[in-house]
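Here the structure is laid out as structure tokens; the discussion comes afterwards.
The values are calculated or read from the model by the stated rules, or taken from the named source; none is laboratory data. Since the model is a prediction, treat every value here as computed from it, not as a measurement. Neighbour counts are summed over all protein chains in view; Cβ atoms, including those assigned to glycine, are modelled from backbone coordinates with ideal geometry. Ligands, DNA and RNA are excluded from the accessible area calculation, which covers all protein heavy atoms including side chains. Shrake-Rupley method; radii C 1.70, N 1.55, O 1.52, S 1.80 Å.
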Amino acid sequence: MAATAFALQDFSRLDDAACDERIRAAKAALGERCVILGHHYQRDEVFAHADFSGDSLKLSKQAAECDAEYIVFCGVHFMAEVADILSRPEQTVILPDMAAGCSMADMANLRNVERAWKELAQVLDPDEQVTPVTYINSAADLKAFCGRHGGIVCTSSNARGVLDWSFSRREKVLFFPDQHLGRNTGHDMGIPLDEMVTWDFDKPMGGLTEEEIRKARIILWKGFCSVHQMFHPNHIDKFREQHPDGLVISHPENAFEVCQKSDYVGSTETILKTVRASEPGTHWLVGTELNLVNRLHNEMAPKGVKVQFMSPVVCMCSTMFRTDPQHLAWVMDNLVEDHVVNRIRVPEDEAREAKAALDLMLEITA
Ligand code: CIZ
Ligand code: SF4
């Protein structure tokens with residue numbers, strides 16, 4: 001018998017409370033056949049339904065280890081791709097809203113990275129001298145590119161280890177798409193700023209001279225996160241004036257100047273761990289996405305730890321925000337009817353090459 005398919009428009013009319021009820025009912029009906037993964041940046045109404053929460057890496061490992069037939073990934077597109085690559089073929093990964101992308105990930109694509117590789121070949125031998133390193137915030141075909149060219153994937157938790165590994169093999173790194181994670185990590189390793197150049201993908205030869213390319217140790221793709229660029233060093237200065245004993249923690253997707261002024265720099269998992277371990281009376285300024293910071297604020301307030309968002313203006317990840325209770329209810333009700341909508345499936349050849357670069361990361365940073 002053909003599965004019943006529910007249309008999204010019928011769910012778009014439902015309010016959040018009605019969706020909440022339907023999601024709970026669908027979860028109960030599906031039981032262990034389905035697992036919902038929720039990224040730290042998801043809004044509360046969606047996050048509340050997550051069986052597991054975490055950063056993209058933790059969630060993808062969860063996907064690979066779980067036995068569920070359906071993995072509903074409340075996050076953004078590249079994360080669901082990683083979950084599909086690392087999970088077993090009989091598991092199905094679903095992204096509730098296909099338009100939930102990542103503006104940073106979109107700043108690098110196979111066409112402009114391959115062009116960069118060719119242009120670099122006019123100055124040096126990239127396959128001998130340059131390790132391509134892609135931040136996990138990138139499309140699967142870029143991870144596959146790294147797999148093909150002896151490169152590797154990194155996350156904000158393991159970028160340092162991945163760069164150490166890369167430099168033990170080749171003298172230079174092409175780091176994409178996030179210039180800030182690359183620069184902050186490189187600086188942490190003692191690489192001078194003038195040995196890290198920025199590759200402007202809109203310009204021939206990245207807008208660099210041959211001399212600059214020859215001298216560079218890290219070639220940083222000119223990508224950035226639209227959320228983290230909202231945080232500025234003067235937000236930290238103001239906080240320190242008002243709270244001289246306060247502590248500042250920032251995500252490494254922040255600009256170099258912001259990270260330099262911070263007491264701690266780390267991934268979302270590190271931010272959560274560090275703030276959760278702090279003494280009552282501590283006052284934190286946190287430079288990362290608002291939903292995470294708000295939840296952390298609510299969690300720590302009863303423990304006497306104050307958590308403050310770094311920007312005076314509300315800035316959320318608008319693509320993470322696309323996953324709403326309406327989309328989640330829609331995919332879940334369809335699953336109850338054994339009807340899969342919004343499946344994320346990375347083509348087999350691409351998945352194999354991307355997996356090589358991901359497995360390498362998991363192996364060297366285990
Ligand atoms: O990898 C992730 O989940 C992201 C986007 C940030 C982080 O630091 O966890
Ligand atoms: Fe992408 Fe930035 Fe949103 Fe993370 S917060 S998913 S890097 S746009």
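Largest to smallest in accessible area, the residues Ile364, Ile36 fall in the order Ile364, Ile36 (1.4 Å probe, all protein chains included).
With the simple model of a label 7 Å out from the Cα in the direction of the Cβ, Leu8 to Lys303 spans 3.8 nm. The residues of the chain have, on average, 43 Å² of accessible surface per residue, using a 1.4 Å probe with all protein chains present.
Seen through its C-alpha gyration tensor, with square-root eigenvalues sorted a ≥ b ≥ c, the stretch 228-309 comes out oblate because a/c lies at 1.5 or above while a/b is not bigger than b/c.
Of the solvent-accessible surface of the chain, computed with a 1.4 Å probe and all protein chains present, 49% belongs to carbon and sulfur.
Sparsely packed loop sites in the stretch 13-117 (the GluC sites (Glu not before Pro) outside DSSP H, G, I, E and B with at most 10 other Cβ atoms within 10 Å) comprise Glu90. Look at the Cα gyration tensor of the stretch 105-225: its axes a ≥ b ≥ c give a/c under 1.5, and that counts as rounded.
The accessible-area ordering, largest first, of the residues Lys273, Lys27, Lys238 stands as Lys273, Lys238, Lys27, per a 1.4 angstrom probe. Between Gln260 and Phe52, the simple label model (points 7 Å from Cα in the Cβ direction) yields a spacing of 3.9 nm. Does anything in the stretch 153-176 have its amide N under 18 Å from the 7 Å Cα→Cβ label point of Asp359, and if so which residues? It comes to 153-154, nothing else.
Starting from the Cα gyration tensor of the chain, take the square roots of the eigenvalues, sort them a ≥ b ≥ c, and report rounded, prolate or oblate (rounded when a/c is under 1.5, otherwise prolate if a/b is larger than b/c, else oblate). Oblate is the answer for the chain, as a/c is 1.5 or above yet b/c matches or exceeds a/b.
Per-residue accessible area (protein heavy atoms, 1.4 Å probe) orders His251, His327, His187 as His187, His327, His251, starting from the largest. Taking 0.36 nm per residue of separation and subtracting the Cα-Cα distance, full extension of the segment from Arg214 to Arg148 would add 21.4 nm. The local environment of Lys143, defined by Cβ-Cβ distances under 13 Å, has a net charge of -4 under the rule Lys, Arg +1 and Asp, Glu -1. Restricting attention to the chain, close to 5% of DSSP beta bridges with both partner residues there are antiparallel. Charge dipole of the chain (Cα centre as origin; +1 on each Lys and Arg Cβ, -1 on each Asp and Glu Cβ, all else neutral): 480 debye, rounded to the nearest 20. Within the full protein context, the accessible area of Val340 is estimated at about 60 Å² for a probe radius of 1.4 Å.
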